[in-house]
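Remarks on the structure that follows.
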Amino acid sequence: MNIKSKLPTVGTTIFTVMNQLSVQYNAVNLGQGFPDFMMSKELTGLVSKAMKNGMNQYSHMNGVPLLRQRLAEKILNLYDIQVNPETDVTITPGGTYAIYTALTTILQPGDEVIVFEPAFDSYIPNIEINGAVPVLISLQYPDYSIPWDEVKAKINERTKVIIINTPHNPTGSVIRENDIEQLRSIVKGTNIFVVSDEVYEHLIFDNIPHLSILRYPDLLERSFVCFSFGKTYHCTGWKLGYCISSPSLMHEFRKVHQFNAFSSFTPSQVALAEYLQNAEAYNQLGAFVQKKRDYFQQLMLSTPFKALPSYGSYFQCYSYAGLSDESDKDFAIRLAQQYGITTIPVSAFYKNAKDDKVIRFCFCKKEETLEKAVEKLAAFTA
């Protein structure tokens, strides 16, 4: 028996390839985006407490009510906007799940979705599995800014969604006020939705404000805004996130959600509802991770690689142009095999493997991990 694949062009991802190489060559893994240090003992203690107190059954489909209430309070404090925890907030098993559910809620076959590349690897498969068409626009290298004139040129009656991501994975770029105004201008008076990937909401540097879609009521009414607890609290393996939207859109989102995951891991939700009262834990996160970015940048001065700006996320991209004519994939594989350091080639974030000779590093690691990695990279010769 044969299955007609809904994703016929999808094979083994570069992330799997690089992780296998990391294990095979005992390489320092700066490829995959996860911290290698411990998360808050207080938070893990609260999860244990919730489990011991019997909070181990299905939670409400929309999420533990107190957690949704605490999120609404947090949003009011951060962005000066009131969201209704009953109608506007849904807890999901991860930020990626929230994005998938939002796109599945919106899209019909033949719809078009504006995607900025390099793009997080789930976006295009999410679009294609729903029978829709990704319309690909390259961010402008080397600052990875959005070419809004090109966006305007590609808008038509089939355009259903624009996906934005800030802070951006893999480049570390962030959306500015001009980007918001351009987005507002483009979608005003249309039936175009916005899916906003804001999983790195608190990992933003250099005193730059996070311009969440939640700040802008006119955009929020047509948006699904997706977040991740895993990125905020250094627990990516929990796969817990949430989505915020307007009541009518969230009503449709929940129709899809109820027949997929239905609910999310209860003990962690109970723990997070209590832990969210500690605003310091997320308000100081940007400064904490910026120190890691700055330390990594300083260490990397001993290598021949050229840093590209990173204003947020776990990541910084570096150019090796002039050091090698290899494709970025071949170059990344050689770094793993010969130098014992795992990275991700940025061409993996383009559908057509656009290659600017750039590789991505994850710097959200222990200092000794970064030191060990850069020691290996310093030995690189062109």
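For the range 154-287, just say rounded, prolate or oblate: build the C-alpha gyration tensor, square-root its eigenvalues into a ≥ b ≥ c, call rounded for a/c under 1.5, and beyond that prolate if a/b exceeds b/c, oblate if not. Please list the in-between numbers first.
Values: a/c = 2.16, a/b = 1.24, b/c = 1.74.
Here the range 154-287 falls in the oblate category.
Would you please give the residues with an amide H less than 5 Å from that of residue 165, counting only those at least 5 places away or on a separate chain, with H modeled from the backbone geometry?
Under 5 Å from the amide H of residue 165: 197.
How far apart, in nm, are the 7 Å Cα→Cβ label points at residue 145 and residue 371?
In this crude label model, residue 145 to residue 371 measures out at 3.9 nm.
For the range 219-299, what percent of Cα pairs sit more than 17 Å apart?
Details: 2003 of 3240 pairs.
Roughly 62 percent, once rounded to a whole number.
Given +1 on the Cβ of Lys and Arg, -1 on the Cβ of Asp and Glu, and no further charges, what dipole in debye does the chain carry about its Cα centre, rounded to the nearest 20? Intermediate results must be reported in sequence, preceding the final value.
Working: 35 positive and 38 negative charges, 164 e Å.
With Lys and Arg at +1 and Asp and Glu at -1, about 780 debye.
Looking at the chain, send over the antiparallel percent of its DSSP beta bridges, to the nearest 5.
Working: 20 of 40 bridges.
Antiparallel: roughly 50 percent of the beta bridges in the chain.
Which is farthest toward the positive dipole end of the range 55-281 among 187, 226, 109, measuring Cα position about the Cα centre, with Cβ charges +1 (Lys, Arg) and -1 (Asp, Glu)?
109
Considering only 299, 336, 60, whose Cα is most displaced toward the positive end of the charge dipole of the chain, charges sitting on Cβ of Lys, Arg (+1) and Asp, Glu (-1)?
Result: 60.
Through the Karplus equation 6.51 cos²θ - 1.76 cosθ + 1.60, θ set to phi - 60°, convert the phi angles of the range 174-181 into ³J(HN,Hα) values in whole Hz; use x for Gly and Pro.
Karplus-based 3J(HN,Hα) across the range 174-181 equals 9, 7, 10, 4, 4, 5, 4, 5 Hz.
Longer than 19 Å from Cα to Cα, which of 231/366; 152/188; 306/366; 329/357 are they? Say none if no pair is.
306/366
Per DSSP H run of n ≥ 4, the term is -39500 (n - 2.57); total these for the chain, divide by its residue number, and report the mean residue ellipticity at 222 nm rounded to 500 deg cm²/dmol.
On the way: 15 runs with 143 residues, N = 382.
For the chain, the value works out to -11000 deg cm²/dmol.
5 Å is the cut-off here: which amide hydrogens, built 1.01 Å from N in the peptide plane, fall below it relative to residue 223, excluding neighbours closer than 5 in sequence?
194, 246
Just the number, please: Stokes-Einstein D of the chain in µm²/s, Kirkwood Rh from C-alpha pairs, 20 °C, 1.002 mPa s.
Working: Rh = 21.6 Å.
Answer from the Stokes-Einstein relation: 99 µm²/s.
Quick check on packing: order 343-352, 23-32 by the mean number of other C-beta atoms within 10 Å, highest mean leading.
By packing density, highest mean first, the sequence is 343-352, 23-32.
If the cut-off is 16 Å between C-alpha atoms, which aspartates and glutamates fall inside it for residue 160, apart from same-chain ones fewer than 8 positions away?
Here the aspartates and glutamates satisfying the reach criterion relative to residue 160 are 111, 112, 128, 221, 252.
Each reported figure results from applying straightforward, stated rules to the coordinates on display, with no laboratory input. Everything numeric here is computed off the predicted structure, so don't read it as measured data. Counting neighbours? That spans all protein chains shown, and the Cβs are built from the backbone with ideal geometry, glycine included.
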